[in-house]
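Shown next, in structure tokens, is the structure this report addresses.
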Amino acid sequence: MSNQKRIVVKIGSSLLADSEQLTLRYAFMHGLLSDIAKLKKQGYDVVLMSSGAVALGLNAVGKTPEDAGLLDKQAAAACGQLLLLNAYKQVAHEFGFDIAQILVTVGDMEERRRFINAKNTIERLFENGIMPIVNENDTLTTQELRVGDNDRLAAKVAQMIQADHLVLLTSIDGLYDRPPSDPEARFIERLEDVSEYLSATEGTSVLGSGGMLTKLQAANMAQHAGCSTIIAEGIIDSPLLSVMEGERRHTKCVAKGTPQSAWKVWLTNRLQVAGSLVLKQDAAVALTDEIAPIKHTDIVSIQGNFQKGDILHVYDEEGREIARGLTNFSSEEALVLARYPEASTAELLGYSAVPDVITTKNMVVLEENHLPWEAPTSDRQMVASL
């Protein structure tokens, strides 16, 4: 691991593309890359999370943000990616550094081996002084397999490279305790518990796919990985250094002390739910008192069609999420084990195995200030209630 300071900067589509003409805002890009060049000279490794490909490609496919369907957006991303990266490359060369592109999917972030492969690629680029520009692969991902917003994806990358700071540049100057249009809205400069302000986070921009809610979710993910988050307006002149040096107001979500191991941080911070378990209430209470394996006899219900090695979200019978962990069995296998608790794994599955669905080394009990996922509802796919 490098001793370099590290920062992940996320830029939304509305900052890079004019909302009416759907053309690139070169003035903003120059200000951004000028600041990044200065940060690199100060000793920072920088990853840029950049939206914008879809917006910039819509003219080519004859669509607007309002009437573009999924296939239109995939085609637009294929067109716009060339425009976006060509512009980044030209401007970066003006400031004396080079760039590389990394396109990722949910699977690249959620599957451990692919996550490590992406991390290793970024590390090698850093070694050569090259700035990675990361984005979701909008050309190939379907609606069901998308992260859906670059805010949380940026937080996953910050976790991946053990960044010191995550900067989310947006169209407003930070977080308010209610919609900024309200004359009584109060600006929040420092944030420790994001759950206090979730009710004030509705709305997205015309071009963007994430609003303030996804930024707070990202900040919560980052703070548990030991990374502070800055939410600020993406102005043209010195959009990064002016907030890094405290010259203009912004919202800062502070890191939560020393993070857990990289393994447990990866286990905890998820982008999608592969599946979930509901535990008997006494087993859930015991788990929160002292971490212990989740046994097949503890399970009340199983949700989702998951595979061995997926990360499951664990709930008590009252719907509170209490843990996340890597499953030793597929949903079909776990269902068989839970339905026939007296039989051995060899009898039920055809091979011998310890009947712990999740072991302690592959599980994290959630801290009180970690944002939970809502428990699955009855209209979602339910594999079985036992």
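Quick note: the coordinates plus some simple rules give every number you see, no bench work behind them. Note that this is a predicted model, so its numbers are computed, not measured. Reconstructed Cβ throughout: ideal geometry from the backbone, glycine too, with neighbour counts over all protein chains shown.
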Legend entry - Tilt relative to the chain, helix 26-41 - C-alpha long axis, 0 to 90 degrees, to 10: 70 degrees
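Helix-only mean residue ellipticity at 222 nm, the chain, DSSP H runs n ≥ 4 weighted -39,500 (n - 2.57), per residue, nearest 500. What is it?
Theoretical 222 nm ellipticity from helices: -10000 deg cm²/dmol.
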Legend entry - Chain lengthening between Glu192 and Val254 when straightened (0.36 nm per residue, less Cα-Cα): 21.7 nm
Legend entry - Computed FRET value (nearest 0.05) for Ser261 with Ala353, which takes r as the C-beta separation and R₀ as 22 Å: 0.30
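Let me know the charge dipole size of the chain about its Cα centre in debye, to the nearest 20, where only the beta-carbon of Lys, Arg (+1) and Asp, Glu (-1) is charged. It would help to have the intermediate numbers written out before the result.
Details: 36 positive and 51 negative charges, 248 e Å.
It comes to approximately 1200 debye.
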Inset, instruction - Tell me the label-point distance for the pair Ile102, Leu241, using the 7 Å Cα-to-Cβ offset, in nm and rounded to one decimal. - result: 2.6 nm
Legend entry - Dimensions (Å) - region 1-145, Cα atoms, principal axes, largest first: 47, 38, 17
Legend entry - Debye intensity ratio in log₁₀ form over the Cα atoms of region 273-385, taken at each q of 0.22 Å⁻¹: -1.27
Inset, instruction - Give me Tyr315, Tyr197, Tyr26 ranked fewest to most by other Cβ atoms within 10 Å of their Cβ, as a rough exposure proxy. - result: Tyr26, Tyr197, Tyr315
Legend entry - Amide H contacts under 5 Å for Met131, placed H, 5+ residues apart: Asp98, Ile99, Ala100
Legend entry - Choice from Ala60, Ala17, Ala232 showing the highest fluctuation, given a GNM over the chain with Cα pairs closer than 10 Å: Ala60
Legend entry - Average Cα contact separation per residue, the chain, under 8 Å, 6 or more apart, as relative contact order %: 14 percent
Inset, instruction - For every other residue with a beta carbon closer than 13 angstrom to the beta carbon of Glu189, add +1 if it is Lys or Arg and -1 if Asp or Glu, then tell me the sum. - result: +2
Inset, instruction - Report, by chain and number, residues whose modeled amide H sits under 5 Å from the one on Ile322, excluding near sequence neighbours (fewer than 5 apart, same chain). - result: Val314, Tyr315, Asp316
Inset, instruction - Step through the residues of region 160-169 one at a time and calculate ³J(HN,Hα) from phi using the Karplus curve (6.51 cos²θ - 1.76 cosθ + 1.60, θ = phi - 60°), rounding each to whole Hz and writing x for Gly and Pro. - result: 4, 9, 6, 6, 7, 9, 10, 10, 10, 8
Inset, instruction - Rank the residues Val265, Val167 as a footprinting-exposure proxy: fewest other Cβ atoms within 10 Å of their Cβ go first. - result: Val265, Val167
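Assuming R0 = 41 Å, can you tell me the calculated FRET efficiency for the pair Leu82 and Lys361, based on Cβ-Cβ distance, to the nearest 0.05?
In this case the efficiency is close to 0.35.
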Inset, instruction - Over the residues of region 5-264, compute the C-alpha Rg and express it relative to 2.2 N^0.38 Å. - result: 0.95
Legend entry - Residue among His165, Gly129, Leu82 farthest towards the positive dipole end of region 76-169, charges placed on Cβ: Gly129
Legend entry - Residue among Thr23, Thr121, Thr327 with the largest mean-square fluctuation in a Gaussian network model of the chain, springs linking Cα atoms under 10 Å: Thr121
Inset, instruction - Using the Cα centre as the reference, give the magnitude of the dipole from point charges on the C-beta atoms of region 273-385 (Lys, Arg: +1; Asp, Glu: -1; all else neutral), rounded to the nearest 20 debye. - result: 340 debye
Legend entry - FRET efficiency for Asp67 and Tyr26, using Cβ-Cβ distance with R0 set to 35 Å, rounded to 0.05: 0.85
Legend entry - Charge-dipole axis of region 273-385 as Lys and Arg at +1 and Asp and Glu at -1 on Cβ define it, positive-most pick from Val354, Val278, Leu366: Val354
Legend entry - Extension gain from Phe95 to Ser344, taking 0.36 nm per residue of separation minus the Cα-Cα distance: 83.1 nm
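Could you work out how much longer the chain between Asp18 and Thr297 gets when fully extended? Use 0.36 nm per residue separation minus the Cα distance between them, nm to one decimal.
Length difference between fully extended and current span is 94.8 nm.
Arrange the following residues from fewest to most other Cβ atoms within 10 Å of their Cβ: His313, His93, His370.
On the way: His313 24, His93 12, His370 19.
Ranked by crowding around the Cβ, least crowded first: His93, His370, His313.
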Legend entry - Signed unit charges on C-beta, dipole axis of the chain, positive-most listed residue Gln4, Leu175, Leu32: Gln4
Inset, instruction - Work through the residues other than Ile236 whose Cβ is under 12 Å from its Cβ and net out their charges, Lys, Arg +1 and Asp, Glu -1. - result: -2
Legend entry - For region 95-131 versus region 1-38, the gap between their alpha-carbon centres in whole angstrom: 17 Å
Inset, instruction - Return the lysines within reach of Lys10: Cα separation strictly under 29 angstrom, same-chain partners fewer than 8 residues apart disregarded; answer none if there are no such residues. - result: Lys38, Lys40, Lys41, Lys63, Lys73, Lys89, Lys119, Lys156, Lys215, Lys252, Lys256, Lys264
